[in-house]
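Quick notes on the structure that follows.
The values are calculated or read from the model by the stated rules, or taken from the named source; none is laboratory data. Small disclaimer: the values here were computed from a predicted structure and weren't measured. No Cβ is skipped: glycine too gets one built from the backbone with ideal geometry, and neighbour counts run over all protein chains shown.
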Amino acid sequence: MLILILKNIKEIINNKRRVFIIAVLPIIFFGLFVMMYSGETVEKNFINPIRIGIIDNDNSLYSNLLLQHYESNTAFTQFVHMYRDEQEIVEEMFKVGDLDATLIIPENFAENMMYMIHDPVISNINTQDPVKAVLLKNVLLSYEKFISSVESNVAMLYDIMNELEYLPHEISAYNAEISYELIMSAMERNQYFDYNEVINIPSTTSVNYFFIAIITLLIMYFGLYVGIDLLREREQRTFQRIEVAGCSITTFILSKLISHVLYLFLNILLWITLIGMVSNISISFGLILYILVGIIFSVSLSIFMSGLFKSQEGVLLAGNIYYFIAAVVGGSIMPLQFMPERIQRLSVFTPNYWFIRGFLFVQKNLQPSFSNGIIVSFISISILLIIVSSYMYKYLGEHYV
């Protein structure tokens, strides 16, 4: 097998066009990518912190306590920046687009809430950024429903005390005390619920995400060359000749797999090494191993696809259509975090989705069992594809369509 592997590598290197496409072109592309999106031109996150202007016309002890609570909450201020100022200044900031939303707290707001006087907070949302606008709208609507449940409880408490014939001053005292507790508990919702972090797709910077997406796309597409190589071997009746020479078809296919995986892996290792030297993208040993597994899967899939068609044109057409759909649906073009839920449900059927998601988990060193599960799945599927491909080439040969 070693002789076959060396022979295959020599053939790969002798193909100057392929060497340029696989080894040189991605380096040029990544170089341009890093130059365009380096330094201050790169957004730190897909969604910048939300900027909310606060106009506190109430300016009471309760409203100040509420605002101070949120301003001192680190988890909250990492995503939301609050600006408190005079109404004219806040409104001007909103008009010029410096704020994503404004909240106007009316005068006597806290007191009116305790006595069930309807005087709501007025909110204005800037629609310049649709993602933030939708997010803010849904958050405020959900918060409104939560507050309305407090209102129902306060009203019910008042009615029950009346039915039990409490004295007016007792009703007033209890109502004020319990209403205050309910209102403050509702406003400080983190005291009402336990915090349980759920990581579906780890957060990352835009440059890092698209670096992973492009690596995934290249790994999947470049594996297609192996299928074309095998079709050429079949057209030249190489499989019949190697059987006469006493070499099994499985051995020959494995030699193709190993040689192409080795060549692609060394090229990708060169890409990421050069990129790491000129950018802040970090590459660990775990990521290198993960990339190797992805290449094995890509080459195995290409070998399997080559056994399904008679001509190179058939493999190229089917492969390009499949990889394009997998790229669009699987997150290589649109970030997984921005995909609608229905598209994400389809994404799970593409290797791109699992490779990108697993890459982020490995890079962030989160939930090793999850990323290890993806690695085991890729390797298991690769072994299955090679076994099936060997069967197709061995028993169906030239007549397989």
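Quick notes
- Residue count for the stretch 282-305, restricted to those that are in contact with a His (Cβ under 7 Å, 6 or more places away or on another chain) and among the small types (Gly, Ala, Ser): 0
- Single residue of the stretch 361-401 satisfying the filter (β-branched (Val, Ile, Thr) and in contact with a Leu (Cβ under 9 Å, 6 or more places away or on another chain)) that is modelled with the lowest pLDDT: VAL401
- Counting residues in the stretch 345-356 that are out of contact with any Pro (no Cβ under 8 Å at 6 or more places or on another chain), on the phi > 0 side of the Ramachandran plot and touching a residue at least 12 places away in the same chain (Cβ under 8 Å) gives zero.
- Residue count for the stretch 221-273, restricted to those that are closer than 30 Å to ASN208 by Cβ, β-branched (Val, Ile, Thr) and free of Cβ contacts under 8 Å to residues at least 24 places away in the same chain: 1
- Of all the numbered requirements in (1) out of contact with any Ser or Thr (no Cβ under 8 Å at 6 or more places or on another chain); (2) among the small types (Gly, Ala, Ser); (3) more than 24 Å from LEU254 (Cβ to Cβ), SER377 misses one, and that requirement is (3).
- Residues that are among the charged types (D, E, K, R) and on the phi < 0 side of the Ramachandran plot, drawn from the stretch 229-244: ASP229, ARG232, GLU233, ARG234, GLU235, ARG241, GLU243
- Considering the stretch 185-201, the residues that are of a type in the set (A, V, I, L, M, F, W, C) and surrounded by fewer than 17 Cβ atoms within 10 Å (Cβ to Cβ) include one that is modelled with the lowest pLDDT, namely PHE193.
- Taking the stretch 76-89 as the range and being β-branched (Val, Ile, Thr) and surrounded by fewer than 17 Cβ atoms within 10 Å (Cβ to Cβ) as the test, the residues that pass are THR77, ILE89.
- Any hit, the stretch 116-135, residues being over 30 Å from the mean Cα position of the chain (by Cα), surrounded by 12 or more Cβ atoms within 10 Å (Cβ to Cβ) and at pLDDT below 70: yes
- Residue within the stretch 276-286 that is in a helix (DSSP H, G or I), under 30 Å from MET392 (Cβ atoms) and without any contact (Cβ under 8 Å) to a residue 40 or more places away in the chain present: no
- Answer residue from the stretch 64-75, given it is under 16 Å from VAL139 (Cβ atoms) and exposed (fewer than 14 other Cβ atoms within 10 Å of the Cβ) and is modelled with the lowest pLDDT among those: ALA75
- Just one of (1) surrounded by fewer than 17 Cβ atoms within 10 Å (Cβ to Cβ); (2) outside any helix (DSSP H, G or I) fails for THR204. It is (1).
- Whichever residue in the stretch 332-369 is among the aromatic types (Phe, Trp, Tyr) and within 15 Å of the chain's Cα centre (by Cα) and, among such residues, is surrounded by the fewest Cβ atoms within 10 Å (Cβ to Cβ): PHE338
- Filter pass, ILE55 being modelled with pLDDT under 85, touching a helix residue (DSSP H, G or I) at 6+ places or on another chain (Cβ under 8 Å) and surrounded by 14 or more Cβ atoms within 10 Å (Cβ to Cβ): no
- From THR250, THR216, residue being on the phi < 0 side of the Ramachandran plot, assigned to a helix (DSSP H, G or I), surrounded by fewer than 16 Cβ atoms within 10 Å (Cβ to Cβ) and not small (Gly, Ala, Ser): THR250
- Condition broken by GLU341, with the remaining ones in (1) closer than 30 Å to VAL134 by Cα; (2) in contact (Cβ under 8 Å) with a residue 24 or more places away in the chain satisfied: (2)
- Selection of the stretch 90-111 for residues being at positive phi and either surrounded by 14 or more Cβ atoms within 10 Å (Cβ to Cβ) or not assigned by TED's automatic domain parsing to the domain that holds SER63 (or both) yields only ASN108.
- Among (1) without any contact (Cβ under 8 Å) to a residue 40 or more places away in the chain; (2) in contact with a Phe, Trp or Tyr (Cβ under 8 Å, 6 or more places away or on another chain); (3) surrounded by 15 or more Cβ atoms within 10 Å (Cβ to Cβ), the one test that PHE297 misses: (1)
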